[in-house]
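Worksheet for the structure shown next.
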Amino acid sequence: MRTIAAVLVAFLAAVPAFAQAPAAASSSPITASITGQLGLIKGNLLKSAEQVPESLYGFKATAEVRSFGQLFAHVADANHMICSIIAGDKAPTVSIEKTKTTKADISKALEESFAYCEKVAGSLTDATGGATVDLFGMKMAKTAALAFNVAHDFEHYGNVVTYMRLNKMVPPSSQGRGM
């Protein structure tokens with residue numbers, strides 16, 4: 001019984017973080033839902049990039065993995081690549097992960113990548129989002145590709161959270177409202 005109560009309390013404490021604004025009625029609820037998730041992960045990653053001091057942008061949990069800065073830059077690269085496929089645009093040829101090293105440059109690139117993906121997501125409806133694209137050799141609906149991108153961003157936010165915890169930092173998703 002205590003376990004159930006603890007889980008319920010944890011769930012109720014987390015609800016405000018996901019219920020930041022009431023969902024507007026949409027004629028494209030699938031696309032609107034995925035776009036909302038994109039906004040959630042955008043907020044967490046941009047706040048993390050801002051919160052992590054530049055002195056930790058080179059931090060790696062182990063020698064074999066990406067650093068903080070490389071994680072943020074990798075997300076920016078992937079956002080541009082995946083969203084350009086969805087939009088039918090030419091993918092950028094510059095690798096942010098390999099060319100940007102400062103917090104300012106990486107943060108700016110990350111912010112721009114999310115702005116681009118939001119523009120692409122905003123151009124979709126549930127009807128147009130059903131058109132297929134080729135993503136990593138898989139044919140999938142544009143909205144599925146957008147959901148794949150969101151999942152990828154969340155995957156790397158998990159890495160960022162671990163790095164932040166290793167450095168005694170509280171990640172944005174654990175800070176609660178108003179912090």
Exercise. Out of the residues in region 105-134 that are over 18 Å from the mean Cα position of the chain (by Cα) and in contact (Cβ under 8 Å) with a residue 24 or more places away in the chain, which is nearest to GLY88 (Cα to Cα)?
Worked result: VAL133
Seminar exercise, completed: Counting only residues that are outside any helix (DSSP H, G or I) and either loosely packed, with under 13 Cβ neighbours inside 10 Å or at pLDDT below 95 (or both), region 116-159 contains a total of 8
For this session: Collect the residues in region 49-70 that are surrounded by 16 or more Cβ atoms within 10 Å (Cβ to Cβ), touching a Leu at 6+ places or on another chain (Cβ under 9 Å) and aliphatic (A, V, I, L, M), keeping them in residue-number order.
Result: ALA49
Exercise. Taking only pairs six or more apart or across chains, which ones have beta-carbon atoms under 6 Å, a first residue in region 63-90 that is within 17 Å of LYS42 (Cα to Cα) and at pLDDT 95 or above, and a second residue that is in a helix (DSSP H, G or I) and β-branched (Val, Ile, Thr)?
Worked result: GLY69/ILE106; LEU71/VAL160; PHE72/ILE106; ALA73/ILE96; ALA73/ILE106; ALA76/ILE96; ASP77/ILE96; CYS83/VAL120
Problem set entry | Filtered residues of region 59-95 (kept if over 19 Å from VAL150 (Cβ atoms) and either part of a helix (DSSP H, G or I) or among the basic types (Lys, Arg) (or both)) | LYS60, ARG66, PHE68, GLY69, GLN70, LYS90
For this session: Specify which of the listed residues (ALA145, ALA87, ALA115, ALA78) is within 30 Å of SER28 (Cβ to Cβ) and in contact with a Leu (Cβ under 6 Å, 6 or more places away or on another chain).
Result: ALA145
Exercise. Taking the condition without any contact (Cβ under 8 Å) to a residue 60 or more places away in the chain and exposed (fewer than 14 other Cβ atoms within 10 Å of the Cβ), does THR162 pass?
Worked result: no
For this session: Quick one: count up the residues across region 41-92 that are of a type in the set (Lys, Arg) and under 18 Å from the mean Cα position of the chain (by Cα).
Result: 3
Problem set entry | Any hit, region 92-113, residues being out of contact with any Gly (no Cβ under 6 Å at 6 or more places or on another chain), within 22 Å of ILE34 (Cβ to Cβ), surrounded by fewer than 14 Cβ atoms within 10 Å (Cβ to Cβ) and not small (Gly, Ala, Ser) | no
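The values are calculated or read from the model by the stated rules, or taken from the named source; none is laboratory data. In this text, all values refer to a predicted model and were calculated from it rather than measured experimentally. Here Cβ is always computed from backbone atoms with ideal geometry, including for glycine, and neighbour counts include all displayed protein chains.
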